[in-house]
Amino acid sequence: MRNEYLPKQAVIEKIVDETADVKTFTLRVKDKSGDLLKYKPGQFMMLSLPGYGEAPFTFASSPAKSSRFQISVKKIGSLTGAMHNLKVKDTVGARGPYGNTFPLDKMKKRDLLFVAGGIGMAPLRPVIQQVFKNRKSYGRVEIVYGARTPKDMIYTDEVKSWRDEADTDIHLTVDVPDESWGGACGVVCVLFPKIKINPQTSIAVLCGPPLMIKFAIFDMLKLRFKEENIYASLERYMKCGIGKCGHCYVKGKYVCTDGPNFSYAEMKKLGIAS
């Protein structure tokens, strides 16, 4: 019988320094049996490290027919700090996948707006990759990405490559520019006037700091995006990942099992929308 709490052993095959405090790990699962590698864009896994505990991380790569996946880790605490000290060939524990996915079927034939703030690009990366992998199934794509400084942006080479995709625009902004920055400055909302899609028929997907999500949704509603077509990946601390501990319980819903991706209409019903 499957033990939901028993992690698989995963070997670190590659580490990429995205920024001064963000690293992307390519992990290979030793035992391919089970459901861990059957994840979908938007889902997360629980990563564990002996002596430091366990925490949720969203899959940061598109599902592939292999035993490998990626996660991006921002150094913010003891577990993530320990992760940043690991080396290639070290092992970690991983279990999952958990949570729901983004509405890829609903998104087909629609124009799409992706809005990311900082490390919030990590959960959006798999769904963006999936859209470009099946480019003809989706409409126009607009990607809005903001970070504190130019050096805090992740996946920079890949983001640049997305500009070459058909019918796609990339809009970047930073809070604090440096001497090399020639783009926009300010929160992601300053870029909304540049988007060329019809808000009333398009679908928007957001991930980033809670304050960014709050103000971005506020401006989207003013642009006349429909509440049921705005989706956000919510940041809630998930202890177990399977709805047993109750840490993420909100008005009859568990963020870990019913989310972490909710439409704004759903967020309003749960009382977690401003």
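The values are calculated or read from the model by the stated rules, or taken from the named source; none is laboratory data. Quantities reported herein were computed from a predicted structural model and do not represent experimental measurements. Here Cβ is always computed from backbone atoms with ideal geometry, including for glycine, and neighbour counts include all displayed protein chains.
Couple of notes before you dig in:
- Here the stretch 135-175 is the region considered, the condition is being over 24 Å from residue 200 (Cβ atoms) and of a type in the set (S, T, N, Q), and the residue that is surrounded by the fewest Cβ atoms within 10 Å (Cβ to Cβ) is 161.
- Residue in the stretch 148-165 that is of a type in the set (Asp, Glu), farther than 16 Å from residue 221 by Cα and touching a Phe, Trp or Tyr at 6+ places or on another chain (Cβ under 6 Å) present: yes
So that you can scan it fast, the table gives a plain yes or no per residue for (1) in contact with a Leu (Cβ under 6 Å, 6 or more places away or on another chain); (2) in a loop (DSSP other than H, G, I, E, B); (3) of a type in the set (Val, Ile, Thr); (4) surrounded by 22 or more Cβ atoms within 10 Å (Cβ to Cβ):
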| position | (1), (2), (3), (4) |
| --- | --- |
| 61 | no, yes, no, no |
| 64 | no, yes, no, no |
| 71 | no, no, yes, yes |
| 76 | no, yes, yes, no |
| 82 | yes, no, no, no |
| 87 | no, yes, no, no |
| 96 | yes, no, no, yes |
| 110 | no, yes, no, no |
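- Yes/no for residue 153 being touching a Gly at 6+ places or on another chain (Cβ under 7 Å), under 15 Å from residue 122 (Cβ atoms) and outside the structural domain of residue 73 (by TED's automatic domain parsing): no
- Per this entry, residue 194 is counted among residues that are assigned by TED's automatic domain parsing to the domain that holds residue 214, basic (Lys, Arg) and more than 24 Å from residue 266 (Cα to Cα).
- Boolean, residue 6 is within 30 Å of residue 200 (Cβ to Cβ) and in contact with a Lys or Arg (Cβ under 9 Å, 6 or more places away or on another chain): no
- Only one entry in 144, 127 is assigned to a strand (DSSP E or B), in contact (Cβ under 8 Å) with a residue 40 or more places away in the chain, closer than 23 Å to residue 59 by Cα and touching a Ser or Thr at 6+ places or on another chain (Cβ under 9 Å), namely 144.
- Scanning the stretch 193-215 for residues that are small (Gly, Ala, Ser) and over 18 Å from residue 226 (Cβ atoms) turns up just one, 208.
- Top-ranked residue of the stretch 199-219 - restricted to ones that are small (Gly, Ala, Ser) and more than 12 Å from residue 117 (Cα to Cα), ranked as farthest from the chain's Cα centre (by Cα): 202
- Test: residue 182 is part of a loop (DSSP other than H, G, I, E, B), assigned by TED's automatic domain parsing to the domain that holds residue 136, on the phi < 0 side of the Ramachandran plot and without any contact (Cβ under 8 Å) to a residue 12 or more places away in the chain: yes
- Residue check for residue 77: in contact with a Ser or Thr (Cβ under 7 Å, 6 or more places away or on another chain) and under 20 Å from residue 52 (Cβ atoms): no
- Complete set of residues in the stretch 98-108 that are buried (at least 18 other Cβ atoms within 10 Å of the Cβ) and at pLDDT 95 or above: 107
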